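Worksheet: one structure, shown below.
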Amino acid sequence: MSWLLAVLLLLAPTPDSRRANERLKEGQQLMADEKFEEAAQAFRQAIALDPLLTMAHYGLGQASMALKQYPAAVTAFRGAREAFERRTADSVTRSFENENVRERRIRDLEDRIRENSDRLLNPSSAAGRQQVLRIQQWEMELSTLRRPSEQRSTTPTVPPGILVALGSAHFRSGQMPDAEREYRAALALDAKLGEPRNNLAVVLLLTGKPAEARAQLAIAEKNGFKPAEGLRKDIDTALATASKTP
């Protein structure tokens with residue numbers, strides 16, 4: 001078998017993967033139409049066809065959050081993290097086996113990132129969040145593939161968007177230590193992200209650490225993020241109360 005044929009076989013979509021992507025797009029449109037139950041079902045169908053389709057797991061997490069099914073959202077976002085790790089690890093493993101596969105995948109990722117970056121959606125919308133996550137996961141995989149072979153790892157870095165979403169699902173489930181862990185993990189990857197910094201400040205406030213909450217909020221504002229309305233006032237009130245406590 002020629003190397004070119006090997007590359008094409010490795011990268012060509014299978015019938016199941018094509019159907020999975022069709023269900024994924026259907027679910028994303030249903031999310032945009034706020035038909036969350038139907039969207040969740042479409043994402044589940046996509047996952048059944050392609051268990052490593054990261055965006056289907058992520059979409060299911062978004063639908064579960066919209067339906068206020070927070071434990072289910074935690075499970076879905078964990079699935080997104082695991083799917084990303086496994087799929088990217090597979091890509092890196094193939095790159096070890098065939099340099100041509102690596103170069104072709106790098107070009108494909110560069111094209112996808114450029115095309116999406118040129119037509120960014122509103123990042124506060126469901127579609128915008130999905131787009132941001134897609135770009136992040138492509139950038140993470142691209143970063144790994146660009147490293148010299150001896151520096152590549154089959155344990156890829158998870159996109160911060162997945163960690164932020166997982167942290168929020170934990171938060172809604174009342175699991176504050178888990179939420180704090182995921183928000184901090186996202187910030188370890190990109191310290192300038194405003195959303196996890198703001199959310200971390202909320203967690204710290206609710207767990208009795210108003211001084212640290214204020215520090216986190218100050219960093220978020222310095223990076224240009226507008227905090228949730230009333231959060232600064234709540235932190236100041238908590239600090240004032242703490243100062244009066246003997």
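Filter the stretch 199-214 down to the residues that are of a type in the set (Gly, Ala, Ser) and either touching a strand residue (DSSP E or B) at 6+ places or on another chain (Cβ under 8 Å) or crowded, with 21+ Cβ neighbours inside 10 Å (or both) and list them by number. Talk me through it step by step, then tell me what you get.
So in the stretch 199-214, the residues of a type in the set (Gly, Ala, Ser) come out as 201, 208, 211, 213.
Correct list: ALA201, ALA213.
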| said: Give me the residue from the stretch 165-198 that is under 16 Å from GLU212 (Cβ atoms) and among the charged types (D, E, K, R) and, out of that set, surrounded by the most Cβ atoms within 10 Å (Cβ to Cβ). | reply: ARG197
| Residues in the stretch 120-144 that are out of contact with any helix residue (DSSP H, G or I) (no Cβ under 9 Å at 6 or more places or on another chain) and modelled with pLDDT of 85 or more: how many? | 0
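Has the stretch 206-221 got at least one residue that is assigned by TED's automatic domain parsing to the domain that holds LYS192, closer than 18 Å to LEU193 by Cα and assigned to a loop (DSSP other than H, G, I, E, B)?
Filtering the stretch 206-221 for residues assigned by TED's automatic domain parsing to the domain that holds LYS192 gives 206-221.
Applying the additional criterion that residues be closer than 18 Å to LEU193 by Cα yields 212-221.
Cutting the leftovers down to assigned to a loop (DSSP other than H, G, I, E, B) gives us none.
Checked the stretch 206-221: no residue is assigned by TED's automatic domain parsing to the domain that holds LYS192, closer than 18 Å to LEU193 by Cα and assigned to a loop (DSSP other than H, G, I, E, B).
Got a sec? Which helices (runs of 4 or more DSSP H) wholly within the stretch 105-194 have at least 3 residues that are in contact with a Ser or Thr (Cβ under 8 Å, 6 or more places away or on another chain) and among the aromatic types (Phe, Trp, Tyr)? First the steps, then the outcome.
Working: elements: 126-146, 160-172, 176-189.
Correct list: empty, since no element meets the threshold.
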| Assuming ASN223 fulfils every condition listed in (1) in contact (Cβ under 8 Å) with a residue 24 or more places away in the chain; (2) under 23 Å from PRO71 (Cα atoms) apart from one, which condition is it? | (2)
| request: Taking VAL158 as the residue in question, decide whether it is in contact with a helix residue (DSSP H, G or I) (Cβ under 9 Å, 6 or more places away or on another chain), surrounded by 16 or more Cβ atoms within 10 Å (Cβ to Cβ), at pLDDT 95 or above and at negative phi. | output: no
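The values are calculated or read from the model by the stated rules, or taken from the named source; none is laboratory data. Bear in mind the structure is a predicted one, so any value in this text is a computation, not a measurement. Counting neighbours? That spans all protein chains shown, and the Cβs are built from the backbone with ideal geometry, glycine included.
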